[in-house]
């Protein structure tokens, strides 16, 4: 059973409307801050939309880190290299370390090494994604030719099986092609070939009005024609949960908050991990949409994580808390 199917079968119970952080009293804000040690955040649609920063978002996370909270970035976006991620965060004012960044390519590497993978991986993904695999000792199979003669006999010849390919790995790829999809299907006819999907997003956040087509439509085609379901390494997968628990030293999931703008990927991953769910509507999903999914309904809401910054800045000093009556 897939990770997405697991989530849909969980008992929804009587879902409550999420609490709006903007409506919290001073005492409730203090209680909120006292309720967690670690905050994990999605990036696209939460911190930025493509190259446009969401006002105050990273400043909020920096403020929380300055208050002693552990901050991590968990993204399904592997179009950026680790160097690019660090540069983007630093440029926007957050002094991130590479240990704080979790992207699907790193989880793929961790998984393949955990099973002692041998052979070549055929990767449908961006160069930064492939480079992470190469840098960690995973052999990446050569890509398909840029063009093939428009003759069926030549096409069949070009698609002869390559037995050295032992894994098909799909991620976001702006240069998807029929040949890449068919190469995946041909290789997956063999039982000794793994099928891995780094992400299964329906949409890619570049702004709420015009999201891009995500990877799921293409992996669904491969699944339909190969009869194989991929092992997922991005949100909301069990493998990512294991990776996060290990690398973020999660001791008590109830003292963790996950911030996201998508239903299945972000709220679904938070539920899978047992984290509190903080939904923001600054990305591809509206609050109305997320409220329809009762089993993934968040506990907390704010239109943008940047909106939390003035609330934090306006809190009385810590030493003023003693003796203050709750509001």
Checklist entry - Got at least one residue in region 60-74 being touching a helix residue (DSSP H, G or I) at 6+ places or on another chain (Cβ under 7 Å), modelled with pLDDT of 95 or more, surrounded by 15 or more Cβ atoms within 10 Å (Cβ to Cβ) and in a loop (DSSP other than H, G, I, E, B)? => result no
Checklist outcome for this item: Going through region 187-218 in order, the residues found to be modelled with pLDDT of 90 or more and touching a helix residue (DSSP H, G or I) at 6+ places or on another chain (Cβ under 9 Å) are 187, 188, 189, 193, 194, 195, 196, 197, 198, 218
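Okay, residues lined up against (1) out of contact with any strand residue (DSSP E or B) (no Cβ under 9 Å at 6 or more places or on another chain); (2) loosely packed, with under 15 Cβ neighbours inside 10 Å; (3) within 21 Å of residue 68 (Cα to Cα); (4) at pLDDT below 95:
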| site | (1), (2), (3), (4) |
| --- | --- |
| 273 | no, no, no, no |
| 276 | no, no, yes, no |
| 280 | no, no, no, no |
| 293 | yes, no, no, yes |
| 318 | yes, yes, yes, yes |
| 326 | yes, yes, no, yes |
Checklist outcome for this item: For region 172-202, the count of residues that are buried (at least 19 other Cβ atoms within 10 Å of the Cβ) and under 13 Å from residue 235 (Cβ atoms) equals 5
Checklist entry - In this structure, is residue 253 in contact with a helix residue (DSSP H, G or I) (Cβ under 8 Å, 6 or more places away or on another chain) and surrounded by fewer than 19 Cβ atoms within 10 Å (Cβ to Cβ)? => result yes
Checklist entry - Here are some conditions: (1) without any contact (Cβ under 8 Å) to a residue 12 or more places away in the chain; (2) over 21 Å from residue 114 (Cα atoms). Residue 246 meets all but one. Which one does it not meet? => result (2)
Checklist outcome for this item: In region 23-39, residues that are over 24 Å from the mean Cα position of the chain (by Cα) and either in a loop (DSSP other than H, G, I, E, B) or not assigned by TED's automatic domain parsing to the domain that holds residue 277 (or both) total 2
Item to check | Test result for residue 167, outside the structural domain of residue 47 (by TED's automatic domain parsing), in contact with a strand residue (DSSP E or B) (Cβ under 9 Å, 6 or more places away or on another chain), at pLDDT 95 or above and more than 22 Å from residue 199 (Cα to Cα) | outcome: no
Item to check | Qualifying residue in region 116-129 (condition: without any contact (Cβ under 8 Å) to a residue 12 or more places away in the chain, under 27 Å from the mean Cα position of the chain (by Cα) and not in a helix (DSSP H, G or I)) | outcome: yes
Next on the checklist: Anything in region 82-104 that is modelled with pLDDT of 95 or more, part of a helix (DSSP H, G or I), buried (at least 17 other Cβ atoms within 10 Å of the Cβ) and out of contact with any strand residue (DSSP E or B) (no Cβ under 6 Å at 6 or more places or on another chain)? List them, or say none.
Outcome noted: 86, 88, 89
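The values are calculated or read from the model by the stated rules, or taken from the named source; none is laboratory data. Note that the coordinates shown come from a computational prediction; the quantities given were computed from them, not determined experimentally. Methodologically, a virtual Cβ is constructed for each residue, glycine included, from the backbone with ideal geometry; neighbour enumeration extends over all protein chains shown.
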